[in-house]
Amino acid sequence: MADIEEAANPTTTIRGTGVGHRRSTLPTMTRSPVDLAIFDCDGVLVDSERICVKVDAMITADLGCAFTEEEIIEKFVGSSTEVYTAAVEERLGRRLEKNWLRQYEHLYQAALEADLTAVDGIAEALNSLAMPVCVASNTGHASLRRNLEIVGLRDHFEGRIFSAADVARGKPAPTSSCTLRDPWV
């Protein structure tokens with residue numbers, strides 16, 4: 001009867017191994033070797049989100065459609081420029097010029113150069129990995145390269161930096177990760 005209970009409950013204590021030792025509840029597929037580690041950039045490699053949220057709040061106020069920092073976090077963090085633009089246009093009640101954000105690029109640049117840091121412990125984690133790594137982000141190529149350069153992580157990813165511009169649909173579309181993974185497996 002105990003064998004049946006153990007089979008039905010994979011977290012049951014394993015006999016002979018002592019109290020507190022549990023069977024793994026991880027699916028078998030997670031125990032296989034990892035072929036590639038795909039990292040997002042903002043909030044994973046670099047601590048840029050807090051900085052960009054403040055700049056986004058300044059920009060939307062300047063446009064006359066202010067979003068609070070809380071709204072920006074809820075609606076835009078991790079999303080693409082297209083999502084951001086659509087929400088600003090909706091609040092404004094009009095379309096924006098195609099490259100409307102270019103006029104504000106200097107604000108992001110100055111804020112990031114002044115305050116951007118790598119996420120605590122990420123450099124050490126990257127140095128310890130014995131597998132290929134890449135970056136896949138909704139952030140544009142120029143910004144990705146700039147941010148990785150500022151914090152000293154660009155060399156870890158040179159030639160393996162991917163933006164939503166590289167795929168038909170950016171994150172969170174599952175095909176974006178599959179597309180990036182194929183060359184390494």
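Taking the condition at pLDDT 55 or above and more than 18 Å from L107 (Cα to Cα), does L45 pass?
Judged against the criteria, L45 is a match.
Only one of these is loosely packed, with under 15 Cβ neighbours inside 10 Å, under 15 Å from V44 (Cα atoms) and either without any contact (Cβ under 8 Å) to a residue 12 or more places away in the chain or out of contact with any Phe, Trp or Tyr (no Cβ under 8 Å at 6 or more places or on another chain) (or both): D155, D115, D120. Name it. Walk me through how you get there before you give the answer.
On the way: D155 fails: under 15 Å from V44 (Cα atoms); D115 fails: under 15 Å from V44 (Cα atoms).
When all the criteria are applied, what remains is D120.
When you scan segment 129-185 for helices (runs of 4 or more DSSP H) that lie fully inside it, which ones turn up with 3 or more residues that are at pLDDT 70 or above?
141-150, 154-157
With (1) closer than 30 Å to L36 by Cα; (2) charged (D, E, K, R); (3) surrounded by fewer than 15 Cβ atoms within 10 Å (Cβ to Cβ) as the list, and E90 as the residue in question, which single condition is left unmet?
For E90, the failing item is (1).
Every residue, every condition in (1) in a loop (DSSP other than H, G, I, E, B); (2) modelled with pLDDT under 95, yes or no:
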site: V53; (1), (2): no, no
site: D56; (1), (2): no, no
site: A66; (1), (2): yes, no
site: E74; (1), (2): no, yes
site: A86; (1), (2): no, no
site: E90; (1), (2): no, no
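The values are calculated or read from the model by the stated rules, or taken from the named source; none is laboratory data. Just so you know, these numbers come straight off a predicted model, no measurement behind them. Positions of Cβ are generated from backbone atoms using ideal geometry, with glycine treated the same way; all protein chains shown enter the neighbour counts.
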